[in-house]
Amino acid sequence: MLERIQRFNRILKLRENDRQAEQVRLAEERREQDAIASKLETLGKEKLEAIDSFRRDGAEKTVSCQDIWLQRQTIDVIDKYIDKGKALFADAQRRIEQTEERLIERHRDVRMMEGYVDHLKTDAAKAFFDAEQDELDDMSMLRYLRA
């Protein structure tokens, strides 16, 4: 019985390690998502600055068509980076959701295994105490019969 308990304790330890690895992976993915969100915020500010610059230059001084076109291209490039960032952010969110689902499953497995190991330990303790009680009963019966 003790061998069985030890075997399931090893299985429990492996499942706890799997759960811990998922928690680490989730933390890494959240850091990545935060970095992407920060980059998107920076790009948004850059776009607003480029648009503001575009407005000011047109209102304050005479600019050539080429300058207007270059400023517009700058805004378009920033928009493309923002779109790529949004796609990366959505991908990061999807991966986080998948990792959370796996983490919940790992947690459920650990809880189930903990319950089973506790059940085995309880059964082993009960069997030990029952055997001890049987021995005590036998000894008391022998003493009673001798007397």
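Listed by first and then second residue, the pairs with beta-carbon distance under 9 Å, at least 6 apart or on different chains, first residue in segment 105-133 and over 28 Å from L26 (Cα atoms), second charged (D, E, K, R), are L120/R4; A124/R4.
Pairs linking a residue in segment 82-94 that is touching a residue at least 12 places away in the same chain (Cβ under 8 Å) to a residue that is in a helix (DSSP H, G or I) and acidic (D, E), with Cβ atoms under 6 Å and 6 or more positions apart or on different chains, are A92/E32. Out of segment 1-54, which residues are closer than 17 Å to R106 by Cα and of a type in the set (A, V, I, L, M, F, W, C)? Matches in segment 1-54: F8, I11, L12, L14, A21, V24, L26, A27. As a summary of the residue check, T62 satisfies the conditions (1) assigned to a helix (DSSP H, G or I); (2) at pLDDT below 95 except for the one numbered (1). Does A90 count as surrounded by fewer than 13 Cβ atoms within 10 Å (Cβ to Cβ), within 17 Å of the chain's Cα centre (by Cα) and aliphatic (A, V, I, L, M)? In short, yes.
Taking the listed residues L70, L43, the one that is out of contact with any Lys or Arg (no Cβ under 6 Å at 6 or more places or on another chain), at pLDDT 80 or above, surrounded by 10 or more Cβ atoms within 10 Å (Cβ to Cβ) and over 30 Å from Q98 (Cα atoms) is L70, with no other qualifying. Could you please let me know if E32 is free of Cβ contacts under 8 Å to residues at least 12 places away in the same chain, farther than 30 Å from H119 by Cα and under 29 Å from the mean Cα position of the chain (by Cα)? In short, no. Counting just the residues of segment 17-40 that are within 16 Å of E101 (Cα to Cα) and charged (D, E, K, R), which one comes out surrounded by the fewest Cβ atoms within 10 Å (Cβ to Cβ)? So, considering only residues that are within 16 Å of E101 (Cα to Cα) and charged (D, E, K, R), the one surrounded by the fewest Cβ atoms within 10 Å (Cβ to Cβ) is E28.
Restricting D138, D91 to residues that are assigned to a helix (DSSP H, G or I) and closer than 30 Å to D18 by Cβ narrows the list to D91.
The values are calculated or read from the model by the stated rules, or taken from the named source; none is laboratory data. All values derive from a computational prediction rather than experimental measurement. All Cβ positions, even for glycine, are placed from backbone atoms using ideal geometry, and neighbour counts span all protein chains on display.
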